[in-house]
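K.L.:
The structure that follows is given in the form of structure tokens.
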There are 2 protein chains.
Amino acid sequence: MNAEIISIGSEHLLGEIIDTDAPYLAKRLQEMGIEVEREITIGDDEEAIASSLEEALRRVRIVVTIGGLGPTPDDITKKVIAQVAEEQLVLNEEILSEIEKKFEEEKRSMPPDNIRQAFLPRDSHPLKNRVGIAPGFILETRNRLIVALPGPYNELVPMFEEEAIPYLKERFKAKEVIKSFTLRTTGLPESKVAEELEDIMKKSKNPIVSLLAHEDIVDIRLVARAEDEKTGEKLNAEMEKRIRERLGNYIFGTGKQTLEEVIGYLLYMRKRTIAVAESCTGGLISHRLTNVPGSSHYFLGSIVAYSDRMKRDRLGVKKATLEKQGAVSEKVACEMAKGIRRIAGSDFGLGITGIAGPTGATEEKPIGLVYIALAYKDRVETKEFRFRGERGMIKAKAANAALDMVRRDLLR
Amino acid sequence: MNAEIISIGSEHLLGEIIDTDAPYLAKRLQEMGIEVEREITIGDDEEAIASSLEEALRRVRIVVTIGGLGPTPDDITKKVIAQVAEEQLVLNEEILSEIEKKFEEEKRSMPPDNIRQAFLPRDSHPLKNRVGIAPGFILETRNRLIVALPGPYNELVPMFEEEAIPYLKERFKAKEVIKSFTLRTTGLPESKVAEELEDIMKKSKNPIVSLLAHEDIVDIRLVARAEDEKTGEKLNAEMEKRIRERLGNYIFGTGKQTLEEVIGYLLYMRKRTIAVAESCTGGLISHRLTNVPGSSHYFLGSIVAYSDRMKRDRLGVKKATLEKQGAVSEKVACEMAKGIRRIAGSDFGLGITGIAGPTGATEEKPIGLVYIALAYKDRVETKEFRFRGERGMIKAKAANAALDMVRRDLLR
């Protein structure tokens with residue numbers, strides 16, 4: 001079973017939009033055992049749409065179009081699909097009354113242009129739009145399926161999940177399922193993860209094991225093919241066990257979990273609280289911690305001490321330490337961690353100081369030098385890091401390393 | 001002058017990667033007066049690459065390929081291009097010595113596979129890779145140009161800017177240039193900006209005026225076509241003036257400027273400092289302010305007071321205020337702003353409290369209710385907002401609104 005995705009809309013060809021529709025669809029189709037062989041992006045041009053459709057219908061079983069279903073004259077996807085399939089557009093009464101209802105609910109009168117949206121190719125299966133106006137549809141022609149979806153991501157996703165997938169599943173009753181599973185690691189460069197898993201990645205055909213590196217996070221992706229979901233899950237679970245034996249605590253989570261979610265869960269379960277004293281990360285660690293719903297249960301607060309005065313007056317860093325060791329030093333990180341712990345009355349105190357650049361470096365203290373300290377009861381653990389990259393990157397890497405220190409401490 | 005972009009690599013068809021190469025190239029080509037008519041994504045498949053190339057060469061003058069130039073066996077772009085163009089791959093001595101030099105610099109021995117990368121189609125123009133190993137090239141065939149670029153964004157961009165653009169400019173000496181210019185607004189919904197500029201957007205053909213909405217920021221994009229850069233810039237400047245007359249201070253910047261950069265510039269020029277007391281934004285405002293290089297000149301620090309205790313003990317919010325008005329109230333925002341200003345010794349004190357959700361709402365205080373206060377000398381300005389969206393969105397919108405209050409105050 002194979003597919004092509006055709007994205008329609010001149011705005012895409014101006015480079016102003018980063019396309020997330022096609023990657024989402026590619027991933028979901030793949031998980032259903034449908035291989036995406038080609039993605040095409042074209043403008044709102046009748047000839048280009050028609051020729052792309054014709055070519056795709058010759059090559060694959062399923063053609064998905066994205067966009068061009070709106071009410072304006074340059075939305076011509078539906079018209080061209082009907083032409084290519086040699087079908088007429090006919091009024092779908094049910095869809096029309098749904099559209100009318102939406103306008104009524106918003107107390108707006110329906111512009112005549114929107115009536116066009118209720119016309120669908122004859123014998124096509126309508127796909128309702130829960131979020132917006134434009135309906136999609138699935139049309140069978142020449143033993144091929146054309147799936148037409150609207151462009152806005154927040155309309156496309158629910159329509160595909162709730163309307164298109166059930167139809168496709170029923171239509172094809174796929175013999176093979178694809179189950180994917182992701183293990184997330186931090187603290188090791190991609191090359192090191194690859195080295196540790198080299199034999200597995202080379203030899204294992206089911207699941208296929210591959211890596212995907214983000215900033216300081218390396219995902220290990222398992223993709224298993226099996227007769228049914230259960231068998232696929234079992235194959236992945238066995239591989240997960242083998243990988244965990246090799247990488248241990250470098251694995252911090254699964255799927256789309258973030259470090260801050262994992263820490264949040266651990267803090268919540270262990271009934272511990274945390275507070276943060278940030279310098280070079282400038283609030284990023286607090287921002288990440290508070291992105292997690294319910295973080296007020298364990299995150300008490302933080303002080304972003306950018307000036308020496310704030311470090312001294314608000315965190316109790318000693319004047320002598322600042323003068324002798326400098327603001328970017330192990331000792332200052334340590335006093336920041338202890339200071340914020342005392343001030344906030346938290347179990348953990350995290351202190352970070354460093355040089356994010358582009359200015360502020362000296363010969364002994366280069367850009368990217370960062371000290372992180374974690375205080376808990378009477379003990380303080382301190383680490384020195386040297387990160388590479390520009391300002392934003394150093395902030396991100398330092399925040400990641402700090403969060404990972406908390407995670408590892410919680411796992412002790 | 002028209003072009004197509006062919007992205008090559010099976011990883012793209014799994015939906016794991018968000019493509020930024022093609023949008024970047026589309027934008028740059030457009031700015032050079034070259035219209036991108038189609039973008040195609042295919043796997044590392046010889047037949048698919050060959051047929052896509054053949055089709056594209058029939059349709060357009062310039063075909064840009066991305067990816068498949070690496071040293072591994074699945075990198076076959078070069079081979080297929082040579083086949084389609086009926087050219088041989090020949091060793092380019094200069095490129096070989098450059099590759100050898102790179103391995104020497106890193107004190108690594110060069111694997112034999114990398115020698116393959118020094119082979120280029122006969123008579124092609126090599127494009128050097130300043131960042132990585134794989135060279136690109138431009139090949140002329142059938143009165144068409146094939147531009148082959150490597151996939152990694154950080155290699156592709158410098159190669160295109162430094163190597164490909166000069167060659168293309170010289171080769172085509174374009175008669176028409178396209179100049180684009182962006183005005184950034186905040187504080188108005190997209191529909192309102194569209195209403196204000198309706199006649200301009202409908203009537204003006206040169207520059208073309210369009211909108212692009214991000215989270216709480218609406219960009220107004222001007223694209224002028226002209227004989228030369230100067231005339232293009234003049235057309236845009238005239239339009240800019242007309243738009244500024246209508247939207248005034250809603251326009252906060254141009255190009256890719258961020259609110260925090262604009263504020264940073266204003267604070268720096270006026271020799272003012274700022275400190276922030278954050279609750280519901282959880283550190284995001286401080287993070288954004290400190291993303292700007294040199295922010296230590298005017299940003300003194302912040303306190304993220306998530307707990308009532310932090311608000312009371314660290315910011316001097318009165319116990320009575322917290323009890324009577326609740327933590328999310330105008331009065332608390334006001335005391336937070338005054339408190340942080342006093343504590344940090346800054347000119348401006350910014351205080352934010354609100355309910356980011358998903359929990360914490362009451363009947364009178366719904367999710368999205370946010371109070372922002374800005375203190376300067378004896379005066380405090382307070383505003384109430386009701387933002388919609390999930391937690392991350394509310395944090396982002398509140399941070400944006402707070403930064404905009406600072407900007408507007410600085411412009412008084």
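K.L.:
Using a simple spin-label model with points 7 Å from Cα along the Cα→Cβ vector, what separation in nm is obtained for residue B:408 and residue B:123?
P.N.:
Calculated label separation equals 6.5 nm.
K.L.:
If you don't mind, there's one more thing I want to ask. Please provide three numbers in whole Å: the alpha-carbon extents of the stretch A:177-254 along the principal axes, with the largest listed first.
P.N.:
Projected onto its principal axes, the Cα set of the stretch A:177-254 covers 36, 23, 20 Å.
K.L.:
Build a GNM of chain A with springs between Cα atoms under 10 Å: which of A:206, A:129, A:92 gets the top mean-square fluctuation?
P.N.:
Per the Cα network of chain A with a 10 Å cutoff, A:92 tops the list.
K.L.:
Okay, next question. Out of the GluC sites (Glu not before Pro) in the stretch B:314-412, which ones are loop residues according to DSSP with at most 15 other C-beta atoms within 10 Å?
P.N.:
Counting only loop positions with at most 15 other Cβ atoms within 10 Å, the GluC sites (Glu not before Pro) in the stretch B:314-412 are B:363, B:364, B:390.
K.L.:
For B:48-58, what's the mean count of beta carbons from other chains sitting within 10 Å of each residue's beta carbon?
P.N.:
Other-chain Cβ atoms within 10 Å of each residue's Cβ, averaged: 1.
K.L.:
What is the distance, in nm, between label points placed 7 Å from the Cα along the Cα-to-Cβ direction at residue B:390 and at residue A:229?
P.N.:
Here the modelled spin labels are 2.1 nm apart.
K.L.:
Given H placed 1.01 Å from N in the peptide plane, which residues other than close sequence neighbours of residue B:119 have an amide H under 5 Å from its amide H?
P.N.:
B:92
K.L.:
First measure r as the distance between the Cβ atoms of residue B:257 and residue B:206, then evaluate 1/(1 + (r/R0)^6) with R0 = 30 Å and state the FRET efficiency to the nearest 0.05.
P.N.:
That pair, residue B:257 with residue B:206, gives E of 0.75.
K.L.:
Can you tell me which of A:336, A:239, A:310 moves the most in a GNM of chain A? Springs connect C-alpha atoms under 10 Å apart.
P.N.:
Sorting by GNM fluctuation, first place goes to A:310.
K.L.:
Here is a further query. Report D for chain A in µm² per second (integer): Stokes-Einstein, Kirkwood Rh on Cα pairs, 4 °C, 1.567 mPa s.
P.N.:
Rounded to a whole number, D works out at 52 µm²/s.
K.L.:
Here is a further query. Bin width 10 Å, origin at 0, all Cα-Cα pairs of the stretch A:165-322: what percent of pairs per bin?
P.N.:
Going from the shortest bin to the longest, the percentages are 10, 26, 24, 22, 11, 5, 2, 0.
K.L.:
When chain A is modelled as a GNM with alpha-carbon springs shorter than 10 Å, which of A:351, A:70, A:294 fluctuates the most?
P.N.:
Looking only at A:351, A:70, A:294, the largest GNM fluctuation is found for A:294.
K.L.:
Mind ranking A:341-348, B:27-34 by how tightly packed they are, going by the mean number of other C-beta atoms within 10 angstrom, highest first?
P.N.:
Put in order of decreasing packing, that is A:341-348, B:27-34.
K.L.:
Now a separate question. Rounded to whole Hz and in sequence order, give me ³J(HN,Hα) for the stretch A:29-38 from the Karplus expression 6.51 cos²θ - 1.76 cosθ + 1.60, θ = phi - 60°, writing x for Gly and Pro.
P.N.:
Couplings: 5, 4, 5, 8, x, 9, 8, 7, 9, 7 Hz.
K.L.:
Okay, next question. Please give me, ordered by residue number, the trypsin sites (Lys or Arg not before Pro) of the stretch A:168-223 that lie in loop per DSSP and have at most 11 other Cβ atoms within 10 Å.
P.N.:
Sites meeting the loop and neighbour criteria: A:173, A:175, A:205.
K.L.:
Further, regarding this structure: What pairs from A:395/B:377; B:192/B:324; A:128/B:27; A:365/B:256; B:338/B:395; A:318/B:256 go past 30 Å between their alpha carbons?
P.N.:
The pairs that break the limit, which is 30 Å between Cα atoms, are A:395/B:377; B:192/B:324; A:128/B:27; A:365/B:256; A:318/B:256.
K.L.:
Taking a quarter of the surface of the convex hull around the Cα atoms of the stretch B:151-220, what do you get in nm²?
P.N.:
7.1
K.L.:
Along the stretch B:15-25, what does the Karplus equation 6.51 cos²θ - 1.76 cosθ + 1.60 (θ = phi - 60°) give for ³J(HN,Hα), rounded to whole Hz, x for Gly and Pro?
P.N.:
Listing the rounded values in order: x, 8, 10, 8, 7, 10, 4, 5, x, 4, 5 Hz.
K.L.:
Separate question: If you take the square roots of the eigenvalues of the alpha-carbon gyration tensor of the stretch B:2-172 and sort them as a ≥ b ≥ c, do you get rounded (a/c under 1.5), prolate (a/b over b/c) or oblate?
P.N.:
Taking the square roots of the gyration eigenvalues as a ≥ b ≥ c, the stretch B:2-172 is rounded.
K.L.:
Using only Cα atoms, locate the centre of the stretch B:213-261 and the centre of the stretch A:97-176, then give the distance between them in Å, rounded to an integer.
P.N.:
Computed from Cα coordinates, the inter-centre distance equals 37 Å.
K.L.:
Expressed as a whole number of Å, what is the distance separating the alpha-carbon centroids of the stretch B:339-412 and the stretch A:268-283?
P.N.:
Between the Cα centres of the stretch A:268-283 and the stretch B:339-412 lies a distance of 22 Å.
K.L.:
OK, next. Report the percentage of all Cα-Cα pairs in the protein assembly as shown whose separation exceeds 45 Å, rounded to a whole percent.
P.N.:
34
K.L.:
How much FRET efficiency would the formula 1/(1 + (r/R0)^6) give for residue B:364 and residue A:103, where r is the Cβ-Cβ distance and R0 is 45 Å, rounded to 0.05?
P.N.:
Efficiency computed from Cβ-Cβ geometry: 0.90.
K.L.:
Return a whole-number percent for the relative contact order of the stretch A:177-254, with Cα pairs under 8 Å and 6 or more residues apart as the contact set.
P.N.:
44
K.L.:
Given the stretch A:113-245, what whole percent of its Cα pairs are spread farther than 21 Å?
P.N.:
Percentage above 21 Å: 59.
K.L.:
Enter the mean projected area of the convex hull around the alpha-carbon atoms of the stretch B:259-410, in nm², rounded to one decimal.
P.N.:
Its Cα hull, projected and averaged over all orientations, spans 8.0 nm².
K.L.:
On to the next question. Can you work out the FRET efficiency for the pair residue A:271 and residue B:143, with r the C-beta to C-beta distance and R0 = 56 Å, to the nearest 0.05?
P.N.:
The pair residue A:271/residue B:143 has a calculated efficiency of 0.15.
K.L.:
Once you keep just the Cα pairs under 8 angstrom separated by 6 or more residues, what percentage relative contact order results for the stretch B:2-172?
P.N.:
22
K.L.:
Return the distance in nm (one decimal) between the two label points of a simple spin-label model at residue B:87 and residue A:249, each offset 7 Å from Cα along Cα→Cβ.
P.N.:
With each label placed 7 Å out from Cα toward Cβ, I get 5.5 nm.
K.L.:
Give the average, rounded to an integer, of partner chain Cβ atoms located within 10 angstrom of each Cβ in B:23-29.
P.N.:
Shielding by partners across B:23-29 averages 4.
Where a number appears in this text, it was derived from the coordinates with a stated rule and is not lab data. All values reported here derive from a predicted model rather than from experimental measurement. Backbone-built Cβ (ideal geometry, glycine too); neighbour counts: all protein chains shown.
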